[in-house]
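Some notes on the structure that comes next.
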Amino acid sequence: MPVDQPLAANPFEEHDDIDEAALAAVLRIVPLGAAMLAGSAVALLVLGYLAIYLFVFLPRGVVG
Amino acid sequence: MSEGLHRTHEGRVLGTELLWAFGVGVLVTATLSMIVFTALTRDINPPSNVERVDPKTLHLSGEFAEQNLGTVVADGTVTARIIATQFMFAPHCIALPQGRPVTLRFASPDVIHGILITGTNVNTMVVPGYVAQVLTEFTRGGELLMPCHEYCGLGHSEMWANVQVLSAAEFKPDRDGRVTCAQR
């Protein structure tokens, strides 16, 4: 877009060269990808915590 | 981007975020439930004894006078009294039984110390003016190390004691009910 051209009042009315169908396809899978990435990271963390709690902390005996 | 596509995308993101929040809620609830369950069924809790003691007269009279230190069996109850001071534990070796409930009582006459017994969940601070008490049961026998884990001065790294966890055959109280470390 030329620099000296004024911006449209509504950003949705701005013209760009992006293919709407391709954009829609990408946006459909972006939340799924983010959820998979964050889910894998949290799952690893929780599995590590559970392993230490069940196989290290509990066998070490009672304390109070 | 068209306005319609933008709205559809926002809706999808909101749906994912709500699902994520629900999943995290389930995880947090499950973790807390597990901690509460083991605390109630296996009696695993942070040591939380609050008991005052005068640090100025600790070694002169009362429970932590020199003749009362170490392990004693009275009425079938095993209690070990230990003083943590710059830069040693008194006594330096503590004999305790395996597979029997024991009460560990610590006091400090000078600064804040901390103890842990390696390979067990025994871990507490020893604050002057208070008796730190830990109730536990040793599941394995052998020689364990008990270092000071709270920086207490220049000799902190030299401050440690031995804990000898003895089997029922080795853990023999004398006539006064006292048990000292076995010579090995």
* To do: May I ask you to list the residues in the range B:37-52 that are in a helix (DSSP H, G or I) and either facing chain A (nearest Cβ under 7 Å) or surrounded by 10 or more Cβ atoms within 10 Å (Cβ to Cβ) (or both)?
  => B:Phe37, B:Thr38, B:Ala39, B:Leu40, B:Arg42
* From B:Leu32, B:Leu27, B:Leu5, B:Leu104, which residue is closer than 30 Å to A:Glu20 by Cα and either aromatic (Phe, Trp, Tyr) or out of contact with any Phe, Trp or Tyr (no Cβ under 8 Å at 6 or more places or on another chain) (or both)? -> B:Leu5
* Only one of A:Ala22, A:Ala35 is at pLDDT 80 or above, at the interface with chain B (Cβ under 8 Å from one of its Cβ atoms) and in a helix (DSSP H, G or I); which? -> A:Ala35
* Asked: Taking B:Ile94 and the conditions (1) among the aliphatic types (A, V, I, L, M); (2) at pLDDT 95 or above; (3) more than 19 Å from B:Asn162 (Cα to Cα), which numbered condition does it fall short on, given that it satisfies the others?
  -> (3)
* Asked: Out of all the residues in the range A:39-50, is one or more among the aromatic types (Phe, Trp, Tyr) and modelled with pLDDT of 85 or more?
  -> yes
* Only one of B:Gly153, B:Gly119 is of a type outside the set (Ser, Thr, Tyr), assigned to a loop (DSSP other than H, G, I, E, B) and within 15 Å of the chain's Cα centre (by Cα); which? -> B:Gly119
* Quick one: would you say B:Ala95 is more than 15 Å from the chain's Cα centre (by Cα), of a type in the set (Gly, Ala, Ser) and part of a strand (DSSP E or B)? -> yes
* Structure fact -> Pairing a residue in the range B:114-127 that is free of Cβ contacts under 8 Å to residues at least 12 places away in the same chain with any residue that is not aromatic (Phe, Trp, Tyr), where Cβ atoms lie under 8 Å and the two sit 6 or more apart in sequence or on different chains, gives none
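The values are calculated or read from the model by the stated rules, or taken from the named source; none is laboratory data. Just so it is clear, the model here is predicted, and its values are computed rather than measured. Neighbour counts run over all protein chains shown; Cβ positions are idealised from the backbone, glycine included.
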